[in-house]
Amino acid sequence: QVQLVESGGGLVQPGGSLTLSCTASGIIFSMNAMGWYRQAPGKERELVAHITSAGSTNYADSVKGRFTISRDNAKNTVYLQMNSLKPEDTAVYYCNARKYYSYWGQGTQVTVSS
């Protein structure tokens, strides 16, 4: 049974920082590409950041220079360090694992508001 469990969401003021974590089980983590997606109310889910099994990364233009994705294969965990948060970053953030199949976590809410 595959499980992706996100944590680290919450309420933060504009300009603040949060780190999201996603711990996977039931997959060979090191062989999977991992991604963070987000979905704001009334909008479609969008890719935020992606990291391949080899460690190559790419980011949505809206978060470049502010967010950093990383992975720790020994801990089966992918991280999303989010700095300089803006109100428009408010969304439910989802973790995704993909190799032959695509798996999703349950999501964690990030709210950026003063």
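The label point for Asn58 and the one for Ala74, both projected 7 Å from the Cα toward the Cβ, are 3.0 nm apart.
Name the residue farthest towards the positive end of the dipole of the chain from the options Thr111, Phe29, His50, assuming +1 on Cβ of Lys and Arg, -1 on Cβ of Asp and Glu, about the Cα centre. Projecting each Cα onto the dipole axis, the largest value belongs to Phe29. Using a 1.4 Å probe, how large is the accessible area of Val2, given in Å² and rounded to the nearest 10? Its heavy atoms expose roughly 50 Å² to the probe. All other residues whose Cβ lies under 15 angstrom from that of Thr57 are scored, Lys and Arg at +1 and Asp and Glu at -1, for a net of +2. Rounded to the nearest 20 debye, the dipole magnitude of the chain is 160 debye, with +1 charges on Lys and Arg beta carbons, -1 on Asp and Glu beta carbons, and the Cα centre as origin.
When the Gaussian network model of the chain links Cα atoms closer than 10 Å, the mean-square fluctuations of Ala74, Ala49, Ala91 top out at Ala74.
When the residues Met31, Met82 are ordered by accessible surface, computed with a 1.4 Å probe over the protein chains alone, the sequence from largest down reads Met31, Met82. Separation of the stretch 1-55 and the stretch 68-114, taken as the distance between their Cα centroids, equals 2 angstrom. Remark: the stretch 51-114 carries a charge dipole of roughly 200 debye about the Cα centre, counting +1 on each Lys and Arg Cβ and -1 on each Asp and Glu Cβ. Under the combined filter of DSSP loop state and at most 13 neighbouring Cβ atoms within 10 Å, the stretch 2-64 retains these GluC sites (Glu not before Pro): Glu44.
Can you give the percent of C-alpha pairs in the chain whose distance is more than 17 Å? Of all Cα-Cα distances in the chain, 49 percent exceed 17 Å.
The values are calculated or read from the model by the stated rules, or taken from the named source; none is laboratory data. These numbers were taken from a predicted model, which means no experiment stands behind them. Neighbour counts run over all protein chains shown; Cβ positions are idealised from the backbone, glycine included. Calculation scope for accessible area: heavy atoms of the full protein, side chains included, ligands and nucleic acids excluded. Shrake-Rupley method; radii C 1.70, N 1.55, O 1.52, S 1.80 Å.
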